[in-house]
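Here's the structure we're looking at; comments come further down.
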Amino acid sequence: MSQPVRHFLDLWRLEGSDLRAILEDAKRRKAARLGWPKGRRDANPVAEGRTLAMIFEKNSTRTRFSFDAAMRQLGGDVIISNAVDLQLGRGEPIEDTARVLSRMVDAIMIRANNHLDVERLALSSTIPVINGLSDKSHPCQIMADLLTIEEHRGPVAGKTLAYVGDGNNICASFIHAAPKLGFRLNIASPALYHPDLHDLARAAQEQGQVHASDDPREAVKNADVVITDTWVSMGDTDHDERLDALEPFQVDEPLMDLAKSDAVFLHCLPAHRGEEVTDAVIDGPKSLIWDEAENRLHAQKSILAWCFGAI
Ligand code: CP
Ligand code: NVA
């Protein structure tokens with residue numbers, strides 16, 4: 001009997017054991033190629049002979065380059081296109097796009113405006129589909145973030161992560177991961193920009209320790225990790241309203257001082273210094289943002305390996 005296709009759409013859909021296996025594979029692969037030129041293939045190039053198609057409906061630096069570099073290190077190839085250049089951009093159904101690409105490549109990564117389109121692509125695809133960010137979630141980013149935390153502070157289980165700011169796609173994927181990997185997640189966001197209530201309900205049902213409030217000081221108290229993200233995500237149109245509502249949620253040094261003395265700071269980037277975070281924090285000694293950005297590459301290689309059934 002054939003195995004089900006391994007889509008990587010959202011962290012809540014995966015088993016905790018799969019997420020753990022991906023993180024451990026990423027650590028092993030990263031350690032095994034320490035000091036190597038970035039273009040050299042891994043000793044275990046599990047994407048050899050495979051091609052990844054990447055479709056972008058939105059801008060990207062890290063996701064685009066890290067998936068491309070990841071496939072090269074895994075011995076595979078990529079084909080990249082902006083959605084506007086595809087017939088998809090002229091109204092060809094996403095289901096037909098899925099059926100065609102399934103005949104030509106081995107996996108699809110899509111960065112989409114609407115999460116539903118990621119799901120529709122996967123439903124009609126006979127090859128793995130990876131969510132490279134939608135309006136609802138950003139699972140690949142959160143795998144890189146968890147990898148970064150574990151590299152610097154050990155296992156995430158039992159740790160307290162504080163997410164301060166917009167209850168957006170980044171916040172959602174942290175909520176999805178919390179019950180799977182056993183960390184506590186404190187969220188502070190303004191009422192207007194609260195996290196998705198379905199995500200919170202699911203996490204509660206899965207016995208996740210996820211606490212949402214509108215108090216940033218309460219959220220970061222004794223946290224091991226403080227996280228924020230842009231106040232205006234790609235596709236958001238209410239720029240001024242967001243800046244007004246989110247101003248009290250800026251991560252600055254006095255806020256960081258309420259977290260544990262060895263707390264670290266994460267931001268998926270791109271950042272808006274002086275808005276969601278001050279220069280002193282994002283460029284300060286507690287910030288892990290460059291390791292976090294690099295870890296997009298390492299985490300994604302293991303996500304790809306999992307999709308290809310090599311983990
Ligand atoms: N963090 C992240 O996904 O960055 P890009 O938008 O540059 O891909
Ligand atoms: N929340 C941001 C993340 C960018 C990587 C956005 O969706 O634009």
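Bear in mind these aren't lab numbers, they're just calculated from the coordinates by the rules spelled out. Keep in mind that this is a model prediction, so the values were computed, not measured. Please note: Cβ atoms are built from the backbone with ideal geometry, for glycine as well, and neighbour counts cover all protein chains shown.
Can you work out ³J(HN,Hα) from phi for every residue in the range 167-174, in order, using Karplus 6.51 cos²θ - 1.76 cosθ + 1.60 and θ = phi - 60°, giving whole Hz and x for Gly and Pro?
x, 9, 4, 5, 4, 4, 5, 5
Rounded to the nearest 20 debye, what is the charge dipole size of the chain about its Cα centre when +1 sits on each Lys and Arg Cβ and -1 on each Asp and Glu Cβ? Provide the component values of the computation, followed by the final result.
Details: 35 positive and 47 negative charges, 339 e Å.
Charge dipole, the chain, about its Cα centre: 1620 debye, nearest 20.
Roughly how far apart, in whole Å, are the Cα centres of the range 78-134 and the range 258-311?
27
What's the ranking of 23-29, 273-279 by average number of surrounding C-beta atoms within 10 Å, highest first?
Numbers: 23-29: 19.1, 273-279: 17.4.
Highest mean packing first, the order is 23-29, 273-279.
For Lys136, list the lysines whose Cα falls under 23 Å from its own Cα; do not include residues on the same chain fewer than 8 positions away.
Straight-distance partners of Lys136: Lys58, Lys180, Lys301.
Using the per-residue mean of other Cβ atoms lying within 10 Å as a proxy for protection, in what order, highest first, do the peptides 214-224, 96-106 fall?
On the way: 214-224: 18.4, 96-106: 16.5.
Highest to lowest by the protection proxy: 214-224, 96-106.
Need one number: convex hull volume per residue for the chain, Cα atoms only, in Å³.
Convex hull of Cα atoms, per residue: 131 Å³.
Straight distance only, please: which aspartates and glutamates reach the Cα of Lys38 with their own Cα at less than 12 Å, same-chain residues fewer than 8 apart left out?
Cα-Cα hits under 12 Å: Asp68, Glu294.
Which cross-chain or sequence-distant (5 or more) residues have an amide H under 5 Å from the amide H of Ile80, H modelled 1.01 Å from N in plane?
Under 5 Å from the amide H of Ile80: Met54.
How compact is the range 252-311 by the rule of thumb for globular proteins, expressed as Cα Rg over 2.2 N^0.38 Å?
Output field value: 1.45.
For the range 192-282, what does the alpha-carbon gyration tensor say about shape, rounded, prolate or oblate, given a ≥ b ≥ c as the root eigenvalues, a/c under 1.5 as rounded, and a/b over b/c as prolate? Can you show the working numbers first?
Numbers: a/c = 1.85, a/b = 1.06, b/c = 1.75.
Oblate, since a/c reaches 1.5 and b/c is not below a/b.
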